[in-house]
Amino acid sequence: MKQLLALMFLITFFAHAAAPEPGSQYLKAAEGGDRRAQYYLADSWFSSGDLGKAEYWAQKAADNGDADACALLAQIKITNPVSLDYPGAKRLAEKAAKAGSKAGEITLARVLVNAQAGRPDYPKAISLLQNASEDLDNDSAVDAQMLLGLIYANGAGIAGDDEKAAWYFKRSSAISRTGYSEYWAGNNVFKR
């Protein structure tokens with residue numbers, strides 16, 4: 001039994017030792033100044049939970065003119081519990097949205113419905129999310145529709161509407177590759 005446990009430990013150890021770092025396929029191009037590779041590398045680090053490396057590469061990409069990187073920097077500013085900065089996030093998200101980033105529109109909407117960023121502006125947030133939700137070829141449409149569903153389900157700042165919420169959740173679910181909105185669409189909170 002001890003030999004079996006030792007063998008399992010060694011296999012697990014070597015499997016993890018050989019695992020590439022998040023976004024390693026983008027590293028060479030990112031180091032060479034490719035702003036999109038810098039953004040993808042930053043997004044990979046963000047997804048893995050390393051906000052420091054995510055911010056480093058997102059800043060490089062943003063400095064090179066990548067609008068989605070500005071949106072990611074804004075998202076980092078409202079995610080990192082050590083350095084929450086809603087006003088800074090709002091400025092970055094506005095810059096990203098103005099440059100045409102759907103991710104920027106979504107991040108700006110998230111900031112606009114948060115009281116920590118100042119007075120919430122639900123009508124503007126809903127408008128941004130509706131715009132982002134219409135581009136079904138963009139992954140951001142899933143998030144935009146999910147957030148619209150949450151806004152209508154919660155009824156905070158606007159009149160709650162379970163039918164609209166369920167519609168947005170189902171629509172998000174229909175185009176989602178990950179399927180995370182199925183939970184919300186199928187939640188018994190909504191009337192069928």
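Where a number appears in this text, it was derived from the coordinates with a stated rule and is not lab data. No experiment lies behind these values; they were computed from the predicted model shown. Please note: Cβ atoms are built from the backbone with ideal geometry, for glycine as well, and neighbour counts cover all protein chains shown.
Between their Cα atoms, which of Lys53/Lys95; Lys90/Lys164; Lys60/Lys98; Lys60/Lys170 are more than 30 Å away from each other?
Flagged as over cut-off: Lys60/Lys170.
Separation between the Ala159 and Ala99 pseudo-spin-labels, each 7 Å from Cα along Cα→Cβ, expressed in nm?
4.0 nm
Assuming R0 = 30 Å, what is the FRET efficiency of Lys124 and Ser48, from their Cβ-Cβ distance, to the nearest 0.05?
0.40
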